[in-house]
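The structure appears right after this line, and notes come after that.
The values are calculated or read from the model by the stated rules, or taken from the named source; none is laboratory data. On a predicted model such as this, the values are computed, not experimentally measured, just so you know. FYI the Cβ positions are ideal-geometry reconstructions off the backbone, even for glycines, and counts take in every protein chain you see.
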Amino acid sequence: MNNRLAPLALFAAALAAGQDAPAAGPTPRPFLYGCGITWGAWLGLPPEQAMAFDRRSMDLIRDMGGTAVPANFAWIDVEPKPGEYHWDYVDHQVREARARGLEVFAYTGLTPDWALPANAPKQPGIGYRFPPDETFAPQFEAFFEALARRYSGQVRYYEFWNDPNGCGWTNDGCSNGHMAPTYVPWLKRWYAAMKRGDPDCVLAVGGLDYNEGVKEGWRYLEDIYTHGGGDSFDAVAIHPYGSPLHWQALRDTHACLVRHGQPGKKLWLNEYGWNTADEPAKAANLRAVLGELAKPEWSMVFMASYLVLTDLPETSDATGHDFGLCSRDRRAGTITPRESFAAFAALARAAP
């Protein structure tokens, strides 16, 4: 029998026998143990070396008990010219994750230079801050429908954009907390296109910046509802950076969903972590956060992903030490676990 159907079969058998149905236990949440990756391509490595580095990263995430990884489905990388699709590196990310039993939570966004609106700065790659010009809406929809169709059955979870309420949208100075009215039209187009490509995909509002320095970050989600986007997402991805986590952000975001009659929409904490070289402190923070998230009161959290396995690309290999659970040597291609890696592994392996 399909293992997913076994609980239903037991329930039905109990009813048929005149017994009380078995007590429901807590819903398993295996994806609390996700971890991000600094992709080899981001380090400027040649393609084969980049892919080898990615494989080593995924090996370590699997070995430490990790359950989920991101994938970077940047529109600008896949379709650098209109109608010219380059899927190789995305295929690689998906293939290697699935080979290791890791669930993929994919980022989508980043407008190609050729589709940018006239008000975007003439700067290559600025599309992380700008949706396309309205005239390119058909190409936008065609791309995302094709993407969802291509990875149907392989990738189920996607988010739209990154930090649209912060540094990832059109206004300078990261002042985009009031810009949901301009995000919603593209969210709706994206949602419809992705569902056409794969009706079973699960789609999240893109990682909202809701750290301890952001007051009332839930208002951006409220504005999404106000401007007609409430039926164009299945989950909400947020970045609750804090000491050790911005717990109020989780409460407030979930409360907004409840107010709008959608308590079943889950939270994805697809970025959290600490920029520090103090490994004992980082390890203690991990124990505090993952230990707390495992409690039933946080059942609204479906996924949590530590920011990154190895330090961010801007970090010097020689002197840098930031968010990474591991250090890396770009030239040698080696990755060395730190104390925080061991802490994560102990927590993940002990989880049900």
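Overview of results
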read-out	value
Candidate set: region 131-161, residues that are crowded, with 18+ Cβ neighbours inside 10 Å and of a type in the set (A, V, I, L, M); chosen: the one farthest from Asp200 (Cα to Cα)	Leu147
Qualifying residue in region 222-241 (condition: among the acidic types (Asp, Glu), in contact with a helix residue (DSSP H, G or I) (Cβ under 8 Å, 6 or more places away or on another chain) and within 22 Å of Gly324 (Cα to Cα))	no
Residue selected from region 233-249 under the condition surrounded by fewer than 18 Cβ atoms within 10 Å (Cβ to Cβ) and in a helix (DSSP H, G or I), by the criterion nearest to the chain's Cα centre (by Cα)	Trp247
Glu48 vs. criteria out of contact with any helix residue (DSSP H, G or I) (no Cβ under 6 Å at 6 or more places or on another chain), on the phi < 0 side of the Ramachandran plot and not hydrophobic (A, V, I, L, M, F, W, C)	yes
So Lys195, is it basic (Lys, Arg), outside any strand (DSSP E or B), modelled with pLDDT of 95 or more and in contact with a strand residue (DSSP E or B) (Cβ under 8 Å, 6 or more places away or on another chain)	yes
Selection within region 32-53 - touching a residue at least 60 places away in the same chain (Cβ under 8 Å) and among the aromatic types (Phe, Trp, Tyr)	Tyr33, Trp42, Phe53
Candidate set from region 262-312 (those that are without any contact (Cβ under 8 Å) to a residue 12 or more places away in the chain and of a type in the set (D, E, K, R)); member that is farthest from Ala41 (Cα to Cα)	Glu297
Conditions (1) under 28 Å from Ala204 (Cα atoms); (2) among the polar types (S, T, N, Q); (3) out of contact with any Gly (no Cβ under 9 Å at 6 or more places or on another chain): number failed by Thr334	(1)
Residue in region 288-309 that is more than 30 Å from Asp234 (Cβ to Cβ) and of a type outside the set (Asp, Glu) present	no
Cβ-Cβ under 9 Å pairs, at least 6 apart or on other chains, region 89-108 side under 14 Å from Trp39 (Cβ atoms), far side at pLDDT below 95 and not aromatic (Phe, Trp, Tyr)	Tyr107/Gly206
Any helices (runs of 4 or more DSSP H) falling wholly within region 5-123 and containing at least 3 residues that are surrounded by 20 or more Cβ atoms within 10 Å (Cβ to Cβ) and modelled with pLDDT of 95 or more	47-63, 88-99
